Amino acid sequence: MAIVRPFQGMRFTEAAGNTGELCCPPYDVLSAEEKKAYLKANPNNIIKLESPGTRPADYKKAKKTLDEWLESGLLKIDETPSFYIYEEVFSVDGKEYSLKGVIGKVFLYEFERGIILPHEHTFSSAKEDRFNLIQETACNFSPIYSLYDDESGAINKSIGKLS
């Protein structure tokens, strides 16, 4: 069984702007034009940290931006380790859906142990990019979706009570 724990999250403050202008879809599904549009709407959009480029200088720039945002108060690290509940609302063919989940940190295990399994085939370049960004910034700006067994429904009941 995977070990999942709370962590001290980092969040935008009100000084950064409207939450809707600070979020964006996953970096790897956005075109260069879409990324520019998000930054035009709000220069503090997370895409600035999440997708700075793939050169070593780009990762260093992301780290510098992160430090500046923390120093200026655009971002703040929570004092208490927590699990973070989220809800995504989206439409498909005119029908609205809602997806709730929880974000926590999970321990990594050797693949051979079969505790955490990959969900898709990813390109080596994408894995290297994420590794380099995490190494430079000590942050993971792109949470990874995971599925888990919860036959009793305890986690979903807890999320429902807290959200």
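The values are calculated or read from the model by the stated rules, or taken from the named source; none is laboratory data. What you are looking at is a predicted structure, and each value in this text was computed from that prediction instead of being measured. With ideal geometry, Cβ positions are generated from the backbone for all residues, glycine too; neighbour counts draw on all protein chains shown. All accessible areas refer to the heavy atoms of the entire protein, side chains included, with ligands and DNA or RNA removed. Shrake-Rupley method; radii C 1.70, N 1.55, O 1.52, S 1.80 Å.
Annotations
- The candidates Phe12, Phe131, arranged from most to least accessible area with a 1.4 Å probe in the full protein assembly, appear as Phe131, Phe12.
- Between Pro56, Tyr38, Cys24, the Cα set farthest toward the positive side of the dipole of region 20-62 (charges on each charged residue's Cβ, about the Cα centre) is that of Pro56.
- Rounded tilt (10° steps) of 56-72 against the dominant C-alpha axis of the chain: 90 degrees
- Rounded to the nearest angstrom and listed largest first, the equivalent-ellipsoid semi-axes of region 1-108 from its Cα gyration tensor are 23, 22, 16.
- Computed from Cα atoms, the angle from the helix 124-137 axis to the main principal axis of the chain rounds to 70 degrees.
- Within straight-line cross-link reach of Lys63, lysines at Cα separation under 23 Å, skipping those fewer than 8 residues along the same chain: Lys35, Lys36, Lys40, Lys48, Lys76, Lys105, Lys127
- Solvent-accessible heavy-atom area per residue, rounded to whole Å², over region 1-72 at 1.4 Å: 66 Å²
- Of the GluC sites (Glu not before Pro) in region 36-107, those whose Cβ has at most 16 other Cβ within 10 Å and which sit in DSSP loop: Glu79
- Per-bin percent of Cα-Cα distances, region 45-146 [5 Å]: 2, 9, 15, 17, 19, 18, 12, 6, 1
- For region 81-127, with all protein chains in place and a probe radius of 1.4 Å, 57% of the accessible heavy-atom surface sits on carbon or sulfur.
- Unit charges on C-beta of K, R, D, E only; dipole of the chain, Debye: 340 debye
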